[in-house]
Amino acid sequence: MPDTMHDTLHGAPHRDEHTGTATTGHEWDGIRELNTPLPRWWLYTFYACIAFSALWVVLYPALPITGATGLLGYTVRGEADADRAAQATAAEPMLARLRATEPEQILADPDLRGYAIAGGRIAFANACAGCHGAGGQGAQGFPNLADDEWLWGGQLAQVEQTIRHGIRAPDDDATRTSMMPRFVADGQLTTAQANDVSEHVLALTNRATDKAAATRGAAVFAENCVSCHGERGEGNREMGAPRLDDQVWLYGGDKTTILRTVSFGRAGAMPAWERRLDPATIRMLTVYVHSLGGTEPSVP
């Protein structure tokens, strides 16, 4: 019988002859495993960690038996709420000034103006960038806010009106509602007439491909389009009608896109933010959007 088995059966562990340390009773090819005890400092540290973790589980959120918040009532969400409340309290004096100050006066006050632009940039990223782009550069169907072309006017009061009440917003009675008619879809024009007036629109920027059609389209334009877009295609901000005599296009200025617009109309919408945002935030957005490209004075 091997020594290891003999030692195990008689309850006397074998000891290594070189170190005097007891072995575990395991042997591989004549090599025995030493049963070296863990250092006491390591064991005490391990037990302390177990005790600490047990205490932590009781005091902080971990197990349902201690409630949703632990005995101390602490949660990370609660801490975040407290931080937000503290930030809101600290910001309230400046926000109160913004609510009570007209945009023109905000621009005249360096402190308010700087605060409004900084806050407006954050609010724009949260509420507006999804449509108008991170820098206000716009996209197809969404106006560019970083230039001087405005559908409804770029004065501060006009910008604020648009932000507050939106465009064709169904939940706001003060929203602007005019829209491009569906001339062909609703039977007001034939397809041939729509093609002619599209050529006339192209002719306003010297891009017509069929001069005869453009000439015929001038009469169609005068009868159906002048009331909104003006005799020379200069646009009408009261109606939100864009200029047609420049190279800025909301949906595209090629013949196919213009023909589609004439035939089926356009009815882009913008939310009304008055009930969704604090009045101070709307003021900050007004000043920030105006700073992107609204160089128009507050008084015409």
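Per the conditions (1) out of contact with any Leu (no Cβ under 8 Å at 6 or more places or on another chain); (2) in the same structural domain as Thr281 (by TED's automatic domain parsing), the sole criterion not satisfied by Ala125 is (2). Tallying residues that are surrounded by 16 or more Cβ atoms within 10 Å (Cβ to Cβ), part of a loop (DSSP other than H, G, I, E, B) and not charged (D, E, K, R) within the range 252-274 yields 5.
The rows are residues; the columns are (1) crowded, with 19+ Cβ neighbours inside 10 Å; (2) assigned by TED's automatic domain parsing to the domain that holds Gln193; (3) at pLDDT 95 or above.
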residue	(1), (2), (3)
Ala214	yes, yes, yes
Cys225	yes, yes, yes
Gly230	no, yes, yes
Leu244	yes, yes, yes
Val248	no, yes, no
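Being part of a helix (DSSP H, G or I), modelled with pLDDT under 95 and surrounded by fewer than 13 Cβ atoms within 10 Å (Cβ to Cβ) is a property that Gly73 lacks. Checked across the range 167-176, the condition of being assigned by TED's automatic domain parsing to the domain that holds Val220, of a type outside the set (Asp, Glu), touching a Phe, Trp or Tyr at 6+ places or on another chain (Cβ under 7 Å) and buried (at least 19 other Cβ atoms within 10 Å of the Cβ) holds for at least one residue. Taking every residue in the range 183-211 that is assigned by TED's automatic domain parsing to the domain that holds Gly233 and under 16 Å from Asp254 (Cα atoms) and pairing it with any residue that is assigned to a loop (DSSP other than H, G, I, E, B) and polar (S, T, N, Q), at least 6 positions away or on another chain, the pairs with Cβ-Cβ distances below 9 Å are Glu199/Thr209; Leu202/Thr209; Thr205/Gln247. Of a type in the set (Val, Ile, Thr) and free of Cβ contacts under 8 Å to residues at least 12 places away in the same chain: is that true of Thr175 in this structure? Here the answer is no, as Thr175 does not meet what is asked.
From the list Arg237, Arg283, Arg266, the lone residue that is within 30 Å of Gly114 (Cα to Cα) and at pLDDT below 95 is Arg237. The set of residues from the range 58-115 being of a type in the set (Val, Ile, Thr), within 30 Å of Gln161 (Cβ to Cβ) and free of Cβ contacts under 8 Å to residues at least 40 places away in the same chain is empty.
Yes or no: Ala208 under 15 Å from Trp152 (Cα atoms), in contact with a His (Cβ under 8 Å, 6 or more places away or on another chain) and part of a loop (DSSP other than H, G, I, E, B)? Spelling it out, it is not the case that Ala208 is under 15 Å from Trp152 (Cα atoms), in contact with a His (Cβ under 8 Å, 6 or more places away or on another chain) and part of a loop (DSSP other than H, G, I, E, B). Contact annotation: residue pairs with Cβ atoms under 8 Å, 6 or more positions apart or on different chains, pairing a residue in the range 34-55 that is touching a residue at least 12 places away in the same chain (Cβ under 8 Å) with a partner that is β-branched (Val, Ile, Thr), are Leu34/Thr19; Leu34/Thr21; Leu34/Thr23; Leu34/Thr24; Asn35/Thr21; Asn35/Thr23; Asn35/Thr24; Thr36/Thr21. State which residue is surrounded by the fewest Cβ atoms within 10 Å (Cβ to Cβ) when the search covers only the range 129-164 and only residues that are within 19 Å of the chain's Cα centre (by Cα) and under 19 Å from Pro103 (Cα atoms). The qualifying residue surrounded by the fewest Cβ atoms within 10 Å (Cβ to Cβ) is Ala146.
Yes or no, residue by residue, for (1) among the hydroxyl-bearing types (Ser, Thr, Tyr); (2) under 30 Å from Met270 (Cα atoms):
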| site | (1), (2) |
| --- | --- |
| Phe52 | no, no |
| Leu71 | no, no |
| Tyr74 | yes, no |
| Ala80 | no, no |
| Leu95 | no, yes |
| Leu107 | no, yes |
| Asp111 | no, no |
| Phe124 | no, yes |
| Gly133 | no, yes |
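The values are calculated or read from the model by the stated rules, or taken from the named source; none is laboratory data. Because the structure is a prediction, the values reported are computed rather than measured. Note: ideal-geometry Cβ built from the backbone for every residue, glycine included; neighbour counts use all protein chains shown.
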